[in-house]
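Notes to accompany the following structure.
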Amino acid sequence: MKRFILTCVALACLAAWPLLAEDHDASQAKPITPDNPIDLFNGKDLSDWTYDIGGQDTKPADVYRVEDGIIKNSGRPSGVMRTKQAYRDYEIEVQWRWPKKGGNSGLLIHSSKPRERSVWPKSLEVQLASKNAGDFWVIGEKVRVKNAEKRTKGRRTLNYTDDSEKKLGEWNTMIVQARGDTVKVFINGDLVNEAWDCSASSGAICLQAEGTPIEYRKVQIRPLPEK
């Protein structure tokens, strides 16, 4: 009975997660506690997301739309689709592909202040860019990484591998594990990057539009298993 009550309370907290506004304190994000994964993309529409897109007259549907169970991101103008809630201590899985040609995009985690750098919010970007998937780009945040003297230049930290991505047009799977102030990134089963002492440990999740059409068919978040 006690476990049932605690589960009900956890579900209520999940439903009540606050919207992430410019003055939101990301440290107040609630932990994910339900046993089942949460589909951030329901396969039908983008009602669980909000947007920050460049261009005065641009409508979100001009950049992000759903067709046949797939999110189609036109890439232009630059901007992000952003979860309405903040998350912490989770594992997120994103499946993506480049339908025409390789290009640039990214998964932003621990997102907080909007437009910290151009149209991008304060966050840690995990690259989806073709041939560079898994690189880190810090946007107003800080991290520590292995072999920083060789892999880090400015805001960018190169990933560990050169051959974890599939051919253009094929579906790739990225899994990002964010626990406390640590982050691990896997692409198609390979560990490709990791960081610790991250200056943020929670926030919204964003998918970039950055110049090139890209598609997603799965965006799912779930609790991390216990250590």
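A short reminder: the numbers here are calculations on the coordinates, not readings from a lab. The shown structure was predicted, so the numbers you read here are calculated from the model rather than taken from an experiment.
At a glance:
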quantity: Gyration tensor over alpha-carbon atoms, the range 45-158, equivalent ellipsoid semi-axes in Å; calculated: 25, 17, 15
quantity: Value of relative contact order over the range 134-227, rounded to a whole percent, pairs C-alpha under 8 Å and six or more apart; calculated: 27
